[in-house]
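*Asks:* Sharing a structure below in structure tokens format, with a few things to ask.
Just so it is clear, none of the values below were taken in a lab; they were calculated from the coordinates. As the structure is a computational prediction, the values presented were derived from the model and not from experiment. Glycine gets a Cβ as well: all are built from the backbone with ideal geometry, and neighbour counts include every protein chain shown.
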Amino acid sequence: MQFDSSKENNFVPSQSSPLNQRTTATKTPQAILNNIFAFPPNRDTLGGTAYFIVENGLNFLIDCPAWNQTNEQFLREQGGVSSLFLTHRGGIGRAKEIQDTFGCRIFIQEQEAYLLPGLEVTPFHHEFIFSDSCYAIWTPGHSPGSSCLYYAVTGGTLFSGRHLLPNQQGEPIPLKTSKTFHWLRQMRQVESLIERFSPENLHYICPGANTGFLRGKGVIEQAYQKLSQLDFANTLYK
């Protein structure tokens with residue numbers, strides 16, 4: 001089974017789209033790692049998975065979950081959203097409504113900030129440090145402004161957006177699609193992550209889609225070891 005994301009890069013949902021109607025969700029966010037929650041896949045972002053870090057003074061939302069009563073109530077019960085980090089243009093979803101509701105800051109790599117006109121946005125270039133345990137990394141390739149968020153707690157977790165996704169075996173790989181912005185650049189960014197991290201500080205990956213391939217685990221475990229086993233020369237660069 002091949003994951004089809006051929007339309008995701010340029011997807012910006014219409015405000016009148018039936019996908020944007022507020023309905024009560026049948027599934028609630030699930031705790032996957034201590035203070036990290038995963039939302040059900042969001043149709044507004046073509047099946048994207050959003051995450052929420054609950055920490056004193058942080059309350060960090062990664063990409064946009066479906067905007068409905070269930071998710072809004074959950075976020076309110078956790079103390080609201082202080083920051084919304086968008087890993088790429090396909091994760092924008094209902095960012096406006098989320099900012100209007102919680103007054104949160106929105107962070108996105110500078111090349112895709114233009115997709116959020118009228119919103120209060122903090123763009124960044126190569127990296128952005130949020131705290132001693134949390135920072136953003138620009139990883140272009142999937143889209144021009146594709147980026148990852150690293151969270152050092154719980155052994156180190158990388159929120160990879162669609163830069164890295166699980167395959168059918170649940171292993172993290174970059175996926176080339178007809179809408180991939182720059183495949184070779186994406187490969188180089190995967191290699192740079194391998195150089196940056198180690199088995200000691202990268203235990204998990206929380207991918208932005210394809211989470212059904214994780215078969216209920218919620219995360220990719222032994223993340224660094226699996227990344228370091230990727231065959232760039234014989235497979236990925238072809």
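Every residue, every condition in (1) under 17 Å from H163 (Cβ atoms); (2) surrounded by fewer than 17 Cβ atoms within 10 Å (Cβ to Cβ); (3) in contact with a Lys or Arg (Cβ under 7 Å, 6 or more places away or on another chain); (4) charged (D, E, K, R), yes or no:
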position: L184; (1), (2), (3), (4): yes, yes, no, no
position: P207; (1), (2), (3), (4): yes, no, no, no
position: E221; (1), (2), (3), (4): no, yes, no, yes
position: Q229; (1), (2), (3), (4): no, yes, no, no
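*Asks:* E97 is checked against (1) in contact (Cβ under 8 Å) with a residue 24 or more places away in the chain; (2) over 30 Å from N201 (Cα atoms); (3) buried (at least 17 other Cβ atoms within 10 Å of the Cβ); (4) not hydroxyl-bearing (S, T, Y) and fails just one. What number does that condition carry?
*Replies:* (3)
*Asks:* Within region 198-219, is even one residue without any contact (Cβ under 8 Å) to a residue 24 or more places away in the chain, part of a loop (DSSP other than H, G, I, E, B) and among the basic types (K, R)?
*Replies:* Scanning region 198-219 turns up no residue that is without any contact (Cβ under 8 Å) to a residue 24 or more places away in the chain, part of a loop (DSSP other than H, G, I, E, B) and among the basic types (K, R).
*Asks:* Return the only residue of Q73, Q111 being free of Cβ contacts under 8 Å to residues at least 60 places away in the same chain and buried (at least 16 other Cβ atoms within 10 Å of the Cβ).
*Replies:* Just a single option satisfies the conditions, and that option is Q111.
*Asks:* Can R162 be described as in contact with a Gly (Cβ under 7 Å, 6 or more places away or on another chain), under 19 Å from A50 (Cα atoms), among the charged types (D, E, K, R) and touching a residue at least 60 places away in the same chain (Cβ under 8 Å)?
*Replies:* The answer is yes for R162.
*Asks:* Shifting gears a bit: For region 120-141, what are the residues that are surrounded by 17 or more Cβ atoms within 10 Å (Cβ to Cβ), part of a loop (DSSP other than H, G, I, E, B) and out of contact with any Ser or Thr (no Cβ under 6 Å at 6 or more places or on another chain)?
*Replies:* G141
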